[in-house]
Amino acid sequence: MRMFWITALAIIAICAFAGIFLLPSLPSQMVIHWGIQGEPNGWMDTNLAIFTLPALMLVLALLLDFMPRIDPRHKHNEAFSSVYEQFIIVMLLFMAALHFTTLAWALGTTIPPFAVVSVGLAVLMIFIGRLCSSSQPNYFIGIRTPWALEDNENWKATNRLGAKLYYWAAPLCLLGLLLPGYTLYFILAAALIPACTAMAYSYLYYAKKKKEKTKNRRKKK
């Protein structure tokens, strides 16, 4: 078994067994959702809640591990497979942190949920940046615009910019720690600004290159 799966299954198992171990001390209902201000507004039966996130983590790990295998350009993925596996592990750790946050709330310890989300997403943004900077043209990972997929130079330029933007998005997520009431807005900005900016850049790169080619053709005529 690959070290990736040993690590992933260990994280999932710890989450599942923690819920089982604490079950006698937990109430019949657990908080699983919070509002914008961090107030609890969603509950679930505890017997179901303790297994929900571990089950989702397992499905997510299987899906993310499988998807690159059906990529027509899967040979390109070998160059950054280790970074991709690290990204999946970090995502599982983020979900594990959310799982333990729900358990803590059930036991009476009110950990600010958006603080956990802010820190977790900040770390994920760094790893998304690493993926962008190391990825080769493929259909599952990186900033996959139609123009980048058709042109290796466009791909490199777009994902190089995307990497920088996602690195800068990490501290933007952390601003939610200083202004808890605006955490959701910082998270949305951190997710949308890098993606939208990189997509626009990819198109502009394509349009500029197309214009240059047209100009060169006219000169030859």
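The values are calculated or read from the model by the stated rules, or taken from the named source; none is laboratory data. Remember, predicted model here, so these are calculated numbers, not experimental data. Because the Cβ atoms are built from the backbone with ideal geometry, glycine has one as well, and the counts that use them run over all protein chains shown.
Here the condition is being modelled with pLDDT of 90 or more and surrounded by 18 or more Cβ atoms within 10 Å (Cβ to Cβ); of Ile88, Ile32, it holds for Ile88 alone.
Being touching a helix residue (DSSP H, G or I) at 6+ places or on another chain (Cβ under 7 Å), polar (S, T, N, Q) and more than 23 Å from Val83 (Cβ to Cβ) is a description that does not apply to Thr110.
A quick yes/no check of all residues on (1) within 30 Å of Gln136 (Cβ to Cβ); (2) more than 20 Å from the chain's Cα centre (by Cα):
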residue	(1), (2)
Leu23	no, yes
Gly35	no, yes
Gly42	no, yes
Pro54	no, no
Leu62	yes, no
Phe87	yes, no
Leu92	yes, no
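The single condition from (1) modelled with pLDDT of 90 or more; (2) under 17 Å from Gly120 (Cα atoms) that Lys164 fails is (2). For region 154-196, the candidate set comprises residues that are in contact with a Gly (Cβ under 9 Å, 6 or more places away or on another chain) and either of a type in the set (S, T, N, Q) or at positive phi (or both); within that set, the residue that is surrounded by the fewest Cβ atoms within 10 Å (Cβ to Cβ) is Thr183.
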